[in-house]
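Can you read through this structure? Questions will come right after.
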Amino acid sequence: MEWKKLYCRAFQCVFSLGARCLPWRKAECISGAGSLQKVPSLLAGCDARKPLIVASRRQSQTDAFRAMTAQLTSYELFCGVTPNPRCAEAEAIARCYRAYGCDSLVAVGGGSPMDAAKAAAALIVRPDRTASQLGGLMKVRRRIPTFIAVPTTAGTGSETTIAAVVTDESHHKYAISDLCLVPRYAVLDPELTVSLSPAITAQTGMDALTHAVEAYLSCHMTTRETNMLAEQATVTIFRYLEHACRHGDDLAARQALLDASYQAGAAFTRAAVGNVHALAHTLGGLYNVPHGLANAVLLPVILRDYGPAVHRKLARLAELTGVGPAGTDGQKAKAFIDGIFAMNRRLGIPEGFACIRDGDMPQMAAWAAAEANPTYPVPVIYGTEDFLRIIEQIRL
C-alpha cells in the first residue's frame with residue numbers, strides 16, 4: 001500500500017504543476033430574482049438561434065419558464081432526465097440536438113439536468129466517442145456549443161464546474177471532466193428555489209458544503225482563490241441553510257445559498273473533491289441515493305476518520321463559522337465536525353443507509369478507490385480497506 005500512496009502523491013504533484021498552466025475559468029454569473037428572463041438575451045448575444053432546453057418536467061410547467069420560452073423564436077425541449085442521470089439519457093439529448101438542428105444548450109434544473117446536458121455537449125462535439133470513453137480527465141478537448149446553466153437547487157455547483165456526472169448500465173457512477181464543459185453563463189435566480197422542500201434544500205445545501213470542505217482540504221491543488229471561495233461558501237451555508245429550510249420564501253437566504261453553491265463549485269472544479277465524493281458516487285449508482293444526501297451522511301464520518309491530518313484547516317473553518325469554543329487545533333476541528341453532525345440531525349438527515357447490501361460492499365470500496373486514486377489530492381489516501389471501514393460505519 002505504501003508504494004501506491006507514493007505513486008498517488010507523485011501523480012498529484014505532477015498534475016498540480018501542469019494544472020497551473022491550464023486556462024481555468026468560471027462561468028459568467030448572472031444573479032438576482034427574475035434573472036431567468038435574461039436567458040433569451042444571453043443566447044442572442046452569443047448568436048444562438050435555436051437552443052435545446054434540458055429541464056425537469058416540474059420546471060418546464062412553471063410560469064417563469066413559460067415566460068422565458070415565450071421570448072424565444074425557436075427552441076426544442078427535453079424533459080427526460082432522471083435523478084442520477086444515465087449515459088443513455090445524455091445520448092438521447094445529443095441525438096435530439098442533432099435531429100432538430102439546435103445550436104446551443106440551456107439546462108434548467110438541479111444537478112441531474114445540468115450534468116446530463118453537459119455530458120450530451122461532450123458527446124455532441126465528440127460523436128466518435130461514447131460516454132464511458134470520455135469518462136475521466138481531459139478527454140473531450142473540443143469547444144462545446146454555447147451552454148447556459150440555470151440551477152434550481154443550491155448545491156451541485158454544476159453551473160460552473162468542469163464535471164458531468166453520469167451512471168452507466170452497470171450502475172457505475174463516474175464523471176466526464178474537461179475544462180471545455182464549464183458553462184458560458186450561470187444564471188442564479190433565487191425565485192426558482194423557493195418552492196423546494198426543506199428536505200431537498202437541506203440535502204443540496206450539504207452537497208455544497210461538502211464541495212467547499214473537500215476543496216479546502218485538497219493537497220497540492222488549492223490556490224488563494226479556491227481557499228477564499230471555500231471559506232466564503234462554508235460560512236454562508238452555516239449561516240443560511242437551516243434558515244432557508246424553515247423560511248423557504250426568504251429570497252435573500254435563497255440567493256445566498258445559490259451564491260455559496262456557485263463558490264463551492266468554482267473551488268472544487270480547480271482544487272478537486274475527495275474521498276467523500278468517491279464513496280457517495282457508489283451510493284448513487286447502486287442504490288439511487290440522492291447525491292447531496294450521500295455527501296451529507298459521509299462528510300462528518302470521513303472528516304473524523306482523517307484525524308490530525310485535517311485538524312489545522314478544520315480549525316480555521318471552525319473559527320470562521322463560530323463553531324465551538326477556543327482551544328487547540330484538534331479541539332476546534334472536533335467542534336467543527338460535531339457541528340456538522342449536529343446540523344445533520346437538525347435537518348433530518350439520517351446517520352446511515354439501510355439499503356447497503358453486504359455483497360455490494362467490496363464493489364463499492366473498489367469503485368471508490370479507483371475513482372479517488374491517484375487523481376483526488378485528498379489529505380489521507382484511502383485504499384479499499386479504508387473505504388470498507390467507512391461503509392461499515394454508515395450501514396444501518
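The values are calculated or read from the model by the stated rules, or taken from the named source; none is laboratory data. Note that the structure is a prediction, hence the values are computed from the model and not measured. FYI the Cβ positions are ideal-geometry reconstructions off the backbone, even for glycines, and counts take in every protein chain you see. Note: areas computed on protein heavy atoms with side chains; ligands, DNA, RNA excluded. Shrake-Rupley method; radii C 1.70, N 1.55, O 1.52, S 1.80 Å.
Restricting region 11-37 to residues that are open to solvent by less than 50 Å² (accessible area, probe 1.4 Å) and hydrophobic (A, V, I, L, M, F, W, C), which is farthest from THR226 (Cα to Cα)?
Result: LEU36.
In region 40-68, which residues are assigned to a helix (DSSP H, G or I) and surrounded by 19 or more Cβ atoms within 10 Å (Cβ to Cβ)? Please lay out each step first, then the result.
Filtering region 40-68 for residues assigned to a helix (DSSP H, G or I) gives 40-45, 57-60, 63-68.
Listed by number, the residues that qualify are PRO40, LEU42, LEU43, GLN59, PHE65, MET68.
Is it fair to say ASP103 is in contact with an Asp or Glu (Cβ under 9 Å, 6 or more places away or on another chain) and either under 22 Å from ARG126 (Cα atoms) or open to solvent by 30 Å² or more (accessible area, probe 1.4 Å) (or both)?
yes
Restrict the check to region 296-304 and report whether at least one residue is closer than 26 Å to ALA199 by Cβ, touching a Gly at 6+ places or on another chain (Cβ under 7 Å) and surrounded by 15 or more Cβ atoms within 10 Å (Cβ to Cβ).
Filtering region 296-304 down to residues closer than 26 Å to ALA199 by Cβ leaves 296-304.
Now narrow it down to the ones that are touching a Gly at 6+ places or on another chain (Cβ under 7 Å): 297.
Of the ones still in play, those that are also surrounded by 15 or more Cβ atoms within 10 Å (Cβ to Cβ) are 297.
Within region 296-304, one or more residues are closer than 26 Å to ALA199 by Cβ, touching a Gly at 6+ places or on another chain (Cβ under 7 Å) and surrounded by 15 or more Cβ atoms within 10 Å (Cβ to Cβ).
Here's another thing I want to ask about it. Looking only at residues in region 315-330 that are without any contact (Cβ under 8 Å) to a residue 60 or more places away in the chain and buried (at least 19 other Cβ atoms within 10 Å of the Cβ), which one is nearest to THR236 (Cα to Cα)?
Only one residue fits best here, namely ALA318.
So, one more: So, LYS118, is that one in contact (Cβ under 8 Å) with a residue 40 or more places away in the chain, touching a strand residue (DSSP E or B) at 6+ places or on another chain (Cβ under 9 Å) and open to solvent by 20 Å² or more (accessible area, probe 1.4 Å) or not?
No, not satisfied.
Here's the yes/no breakdown for (1) at pLDDT below 95; (2) among the hydroxyl-bearing types (Ser, Thr, Tyr):
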| position | (1), (2) |
| --- | --- |
| GLY205 | no, no |
| LEU217 | no, no |
| HIS220 | yes, no |
| ASN227 | no, no |
| ALA233 | no, no |
| TYR240 | no, yes |
| HIS243 | no, no |
| ARG246 | no, no |
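Starting from residues that are of a type in the set (D, E, K, R) and within 26 Å of GLY45 (Cβ to Cβ), keep the ones in region 154-192 and report whichever is surrounded by the fewest Cβ atoms within 10 Å (Cβ to Cβ).
Only one residue fits best here, namely GLU191.
Next question. State which residue pairs qualify: first residue without any contact (Cβ under 8 Å) to a residue 60 or more places away in the chain and inside region 331-353, second residue in a helix (DSSP H, G or I) and open to solvent by 30 Å² or more (accessible area, probe 1.4 Å) in any location, beta carbons under 6 Å apart, and separation of 6 or more residues or different chains.
Within 6 Å, the pairs are ALA333/HIS311; ILE337/ARG304.
Shifting gears a bit: Out of everything in region 355-396 that is in contact with a strand residue (DSSP E or B) (Cβ under 8 Å, 6 or more places away or on another chain) and either of a type in the set (Lys, Arg) or in a loop (DSSP other than H, G, I, E, B) (or both), what residue ends up being nearest to ALA175 (Cα to Cα)?
Filtering first and then ranking leaves THR375.
Could you list all residues from region 69-111 that are under 18 Å from VAL150 (Cβ atoms), of a type in the set (Phe, Trp, Tyr) and outside any helix (DSSP H, G or I)?
Those that are under 18 Å from VAL150 (Cβ atoms), of a type in the set (Phe, Trp, Tyr) and outside any helix (DSSP H, G or I): TYR75, PHE78.
With respect to GLY135, determine if the residue is on the phi > 0 side of the Ramachandran plot and either at pLDDT 95 or above or not aromatic (Phe, Trp, Tyr) (or both).
So GLY135 fails the test.
A follow-up question, please. If we keep just the residues of region 364-387 that are open to solvent by 40 Å² or more (accessible area, probe 1.4 Å) and more than 23 Å from the chain's Cα centre (by Cα), which is nearest to ARG270 (Cα to Cα)?
Across region 364-387, the extreme among qualifying residues is THR384.
Can you tell me how many residues in region 121-150 are assigned to a loop (DSSP other than H, G, I, E, B), buried (at least 16 other Cβ atoms within 10 Å of the Cβ) and not hydrophobic (A, V, I, L, M, F, W, C)?
3
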